[in-house]
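Participant: The structure under discussion is supplied below as structure tokens; questions concerning it will follow.
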Amino acid sequence: METKLLKQSVCIAIVLFLNCFGNARASLGVTSQKAKPARASKPVLHPADRLSLDYYHASCPQLEGIIQQKLQALVKKDNSLAASIIRLHFHDCFVRGCDASILLNHQGSERSAEVSKTLRGFNIIDEIKSEVERKCPKTVSCADILVAAARDTTIMVGGPFWEVPFGRKDGLISIANEAKNVPHGHENVTQLIKQFEINGLNISCSAIQQRLFNYNNTRKSDPSIDISYLHYLKKKCTRLDNYVHLDVATPRIFDEVYYKNLEKKKGLLLTDQLLYSDQRTASLVHALASQPELFIIQFGVSMVKLGNVGVLTGKDQGQIRLNCNYVNKA
């Protein structure tokens with residue numbers, strides 16, 4: 001199997017960008033109908049509002065240092081781990097929110113689902129958690145560790161910094177069937193937007209077989225794929241379990257070239273390519289392709305937004321797991 005590469009994170013970035021769809025359209029000058037002014041009402045505290053940048057300053061001041069030290073050694077050996085951790089974070093937050101439910105390891109959990117079989121990085125989170133428990137027992141959640149690890153590994157491979165507020169609790173439930181809610185690369189733009197409104201990845205050749213050999217049941221290739229890129233993919237995908245880079249141009253670099261590939265009809269997944277052909281998202285792809293600084297800024301903004309999805313922060317919500325693989329015994 002080919003080495004898993006950094007462009008996993010760039011693929012996720014474009015999907016995350018949809019989560020900021022309304023704000024991004026406004027910043028790019030794309031307007032919609034004027035909304036009616038909302039009536040004044042008593043503010044409701046959102047669960048994410050309970051998160052805090054200094055949440056562990058007194059109880060575990062060395063937390064971020066522990067995480068960074070562990071990750072630096074591991075990423076130095078294999079820098080593709082950065083993308084794997086980001087992907088793990090993405091899968092966690094997209095199902096039930098950022099509650100570390102993806103880390104629960106039991107029969108019928110999200111982790112056991114078919115779509116989760118290519119995930120990795122669980123052992124890394126376990127190593128960090130073990131060290132944190134030694135220094136700060138029964139204090140730091142697995143959910144917080146995973147969010148911070150995603151940020152730190154991104155920085156280690158040249159990505160942007162963003163502040164991570166803490167205070168998430170770990171969930172008690174993990175259901176394999178719910179893992180299917182994570183985007184797989186076959187969705188159209190409407191489905192993606194709807195999914196995010198509700199809430200590099202290296203890709204196996206099995207995920208793009210229909211595009212290559214039986215697009216829309218025509219027994220032909222997807223005509224929207226650049227012909228030279230199509231030949232390259234067919235050569236690479238002689239076996240279903242082979243892997244191909246999401247970014248054919250700069251697979252080892254954290255950059256905006258992923259979006260430039262879409263403009264050249266070299267998007268690996270159909271979902272990717274549709275982002276450029278759909279008028280609702282084409283302007284965003286063009287902006288990211290032509291403005292590297294916008295991509296860097298928006299990636300950080302999107303990751304903050306992702307880390308706040310469905311967090312458990314109430315007094316009676318979740319728990320601080322002692323082992324990320326299992327719910328604490330009563």
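The values are calculated or read from the model by the stated rules, or taken from the named source; none is laboratory data. Here the structure is a predicted model, which means the values were calculated and not measured. Here the Cβ positions follow ideal geometry from the backbone for every residue, glycine too, while neighbour counts run over all protein chains shown. Just the protein is used for accessible areas: all its heavy atoms, side chains included, with ligands, DNA and RNA removed. Shrake-Rupley method; radii C 1.70, N 1.55, O 1.52, S 1.80 Å.
Participant: Select from region 259-318 those trypsin sites (Lys or Arg not before Pro) which occupy a DSSP coil region and have at most 16 other Cβ atoms within 10 Å, ordered by residue number.
Facilitator: Lys264, Lys315
Participant: Let me ask something additional. Trypsin sites (Lys or Arg not before Pro) within region 136-170: which are DSSP loop residues with at most 15 other Cβ atoms inside 10 Å?
Facilitator: Those that pass, being in a loop and sparsely packed, are Lys138.
Participant: Using a/c under 1.5 as the rounded threshold, could you call region 57-105 rounded, prolate or oblate? The axes a ≥ b ≥ c are square roots of the C-alpha gyration tensor eigenvalues, and prolate needs a/b larger than b/c, oblate otherwise.
Facilitator: Verdict is oblate for region 57-105.
Participant: Something else now. Given the Cα atoms of region 58-159, and with Rh set as the inverse mean 1/r over their pairs in the Kirkwood sense, what is Rg to Rh to two decimals?
Facilitator: Ratio of gyration radius to Kirkwood radius: 0.96.
Participant: How big is the dipole moment of region 263-329 about its Cα centre under a simple scheme where the beta carbon of each Lys and Arg is +1, that of each Asp and Glu is -1, and everything else is neutral? Debye, nearest 20, please.
Facilitator: 240 debye
Participant: Something else: Counting only the backbone N, which residues of region 136-171 are under 19 Å from the spot 7 Å out from the Cα of Glu293 toward its beta-carbon?
Facilitator: Those under the cut-off are 159-162.
Participant: Across region 263-272, in residue order, what do the Karplus-derived ³J(HN,Hα) couplings come to in whole Hz, using 6.51 cos²θ - 1.76 cosθ + 1.60 with θ = phi - 60° and x for Gly and Pro?
Facilitator: Working through the residues one at a time gives 5, 9, 6, 10, x, 5, 8, 4, 3, 4 Hz.
Participant: I've got another one for you. Provide the FRET efficiency to the nearest 0.05 for the Ile175-Arg239 pair, computing r from the beta carbons and using R0 = 30 Å.
Facilitator: The calculated FRET efficiency here is 0.40.
Participant: Using a 1.4 angstrom probe on the protein heavy atoms only, could you order Leu294, Leu146 from most to least accessible area?
Facilitator: Highest to lowest solvent-accessible surface, that is Leu294, Leu146.
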